[in-house]
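Data block below; observations after.
The values are calculated or read from the model by the stated rules, or taken from the named source; none is laboratory data. Nothing here was measured: the structure is a model prediction, and the numbers come from that model. Don't worry about glycine lacking a Cβ; one is built from the backbone with ideal geometry, like all the others, and counts go over all protein chains shown. These area figures cover heavy atoms from the full protein model, side chains too; ligands, DNA and RNA do not enter into them. Shrake-Rupley method; radii C 1.70, N 1.55, O 1.52, S 1.80 Å.
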Amino acid sequence: QVQLVESGGGEVQAGGSLRLSCVASGVDVRLDLMSWHRQAPGQQRVLLANIYADGSTNYLEFVKGRFTISRDGAKNTLYLQMTNLSPDDTAVYYCAARKGFWDYWGQGTQVTVSS
């Protein structure tokens, strides 16, 4: 059974930083395609960043240089380090895993950035 549990969200002022965590079970963050997404109110969920088994990463253009995706195999945990946050980054953030033909999602963690 796959379970993804996000944490680390909260409220932060513009210009601040947060680090989100996603503890995984039933998938291996080193071997399976892992990603972070977000969904702002009234908007569609969007992909922010991927990390592949070989460690390569890619990012949505508007988070490049501000967000960093990483993983800790020993803890089987995925991270998203976010810096220089703005109110436009306010959203629910989700981690996801692709295992075989299936996508799995966490329950999300709220990030609110105040101006």
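Figures for the structure shown
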| read-out | value |
| --- | --- |
| Sole exception among (1) within 24 Å of VAL2 (Cβ to Cβ); (2) modelled with pLDDT of 95 or more for LYS99, by number | (2) |
| Residues located in the stretch 58-101, provided they are under 22 Å from SER114 (Cβ atoms) and among the aromatic types (Phe, Trp, Tyr) | PHE62, PHE67, TYR93, TYR94 |
| Scope the stretch 99-114; condition under 14 Å from GLY10 (Cα atoms) and out of contact with any Leu (no Cβ under 8 Å at 6 or more places or on another chain); matching residues | GLY108, GLN110, THR112, SER114 |
| Residues of the stretch 23-39 classified as among the hydrophobic types (A, V, I, L, M, F, W, C), open to solvent by 20 Å² or more (accessible area, probe 1.4 Å) and closer than 22 Å to GLN110 by Cα, total | 1 |
| Hits in the stretch 69-93 - residues which are free of Cβ contacts under 8 Å to residues at least 60 places away in the same chain and farther than 15 Å from ARG38 by Cβ | SER70, ARG71, ASP72, GLY73, ALA74, LYS75, ASN76, THR77 |
| Number of positions in the stretch 1-16 that are open to solvent by 60 Å² or more (accessible area, probe 1.4 Å), touching a strand residue (DSSP E or B) at 6+ places or on another chain (Cβ under 7 Å) and either farther than 27 Å from PRO87 by Cβ or not in a strand (DSSP E or B) (or both) | 1 |
| Residues of the stretch 23-52 classified as in contact with an Asp or Glu (Cβ under 9 Å, 6 or more places away or on another chain), more than 12 Å from ALA97 (Cβ to Cβ) and either small (Gly, Ala, Ser) or in a loop (DSSP other than H, G, I, E, B) (or both), total | 1 |
| Close pairs (7 angstrom Cβ cut-off, 6 or more residues apart or separate chains): under 15 Å from THR68 (Cβ atoms) in the stretch 15-38, modelled with pLDDT under 95 anywhere | none |
